[in-house]
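Asker: For reference, the structure I am asking about is given below.
The values are calculated or read from the model by the stated rules, or taken from the named source; none is laboratory data. Note that the structure is a prediction, hence the values are computed from the model and not measured. Reconstructed Cβ throughout: ideal geometry from the backbone, glycine too, with neighbour counts over all protein chains shown. Only protein heavy atoms, including side chains, enter the accessible area calculation; ligands, DNA and RNA are left aside. Shrake-Rupley method; radii C 1.70, N 1.55, O 1.52, S 1.80 Å.
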Amino acid sequence: MSDSSKVLFDRRTRLRPSSENRHEAVDRIIWGLKDYGVINRSSEVTTLNEIVSSDVFVSPNVAMFHYAFELGLKGVNEILTGDEQGWKNFALGASYAFWGQVGNRCSRITAGATYSDPMSAGDVPTFYWLFAMTSCPEKIARPWGHYFYNMFAQQGIKNDIGDNPMFHFCQLLLKSYCERRWFGQEKVGAELEGFAPLLRSIDTELWESALLSYCDYRLSRAYEFPNAEALKAKPGAGYFFNRQWFAIFPLELLALKNLYESLAGGALDLQIEHPLLRLPLICAPRIVELPQDELLQKLIARSMANYGDLWQPYSLIDLIA
């Protein structure tokens, strides 16, 4: 999902993030999100309503992922300004992503597709799964995780992630979560790039400094620099954290903390002096049930009628060995 709708800020005034300008770098992203949220007018609701009213069933999955992304922007902007509606809208975005991937799973079976066949806009449900694993009940996170475990295993989602280190990091979390065992240091390879020092520092005295460095790495990629040491940006490189609100919401750290503490029994402290970890986004609430609005309910009903017995949102598919 890499298009012009993901512009974060005015690139004519590009900034190179550093330890000296972290706050400015974060503030620029927030300003860009706020401005984009004001001017953006989505066509996805129109598309989804047309799908609901059509005489012929058309898979709504991709449009649902796009709308989930826009609900994420709305929710993040509201959370950052203290609006209590923010987490509700963000959770609604997660709900569209969840039900969209349920439909994707059904349409994949119907078409005879494999897990190596591409998933369009798959970066959105991938990032929302990190939220589900952190904040949602097992009945939501686990079937979602099993499906994406297989999509990552056969790389059907790799092109849409478009960022090799992030792909391998998410795959590592999925394997650990679905297999219910914490990964060892031997699983942390060079392909993880900026994630590797962070993962190797877990349960060591280096954790705090590694977390600080990771946040700088993450912020650099939001501005299209390969890492915090790079002097030259790579426009169009497709870095995962360059994608609109993904840039400001470190969901992967919340997921890592949750996974480590539940599987390894340790504790990970995210409270350090970095502006990314001082935002209200870092305090994601527990969600008992993912909300549904009227449009989502109609989309679910239409999909259920079309897919019949294939529509099993809470069933666990077998993991690929």
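Asker: Search the stretch 123-156 for residues being touching a residue at least 60 places away in the same chain (Cβ under 8 Å) and not in a helix (DSSP H, G or I), and hand back the single one that is nearest to residue 171 (Cα to Cα).
Answerer: Filtering the stretch 123-156 for residues that are touching a residue at least 60 places away in the same chain (Cβ under 8 Å) and not in a helix (DSSP H, G or I), the one nearest to residue 171 (Cα to Cα) comes out as 154.
Asker: Go through (1) part of a helix (DSSP H, G or I); (2) under 19 Å from the mean Cα position of the chain (by Cα); (3) under 17 Å from residue 168 (Cβ atoms); (4) not hydrophobic (A, V, I, L, M, F, W, C) one by one and return the number of the condition residue 260 breaks.
Answerer: (3)
Asker: State which residue pairs qualify: first residue of a type in the set (Phe, Trp, Tyr) and inside the stretch 43-70, second residue open to solvent by 40 Å² or more (accessible area, probe 1.4 Å) and not in a helix (DSSP H, G or I) in any location, beta carbons under 9 Å apart, and separation of 6 or more residues or different chains.
Answerer: 65/120; 67/42
Asker: Looking at 201, 213, 303, which one is buried (at least 17 other Cβ atoms within 10 Å of the Cβ), of a type in the set (Gly, Ala, Ser) and within 29 Å of residue 105 (Cα to Cα)?
Answerer: When all the criteria are applied, what remains is 303.
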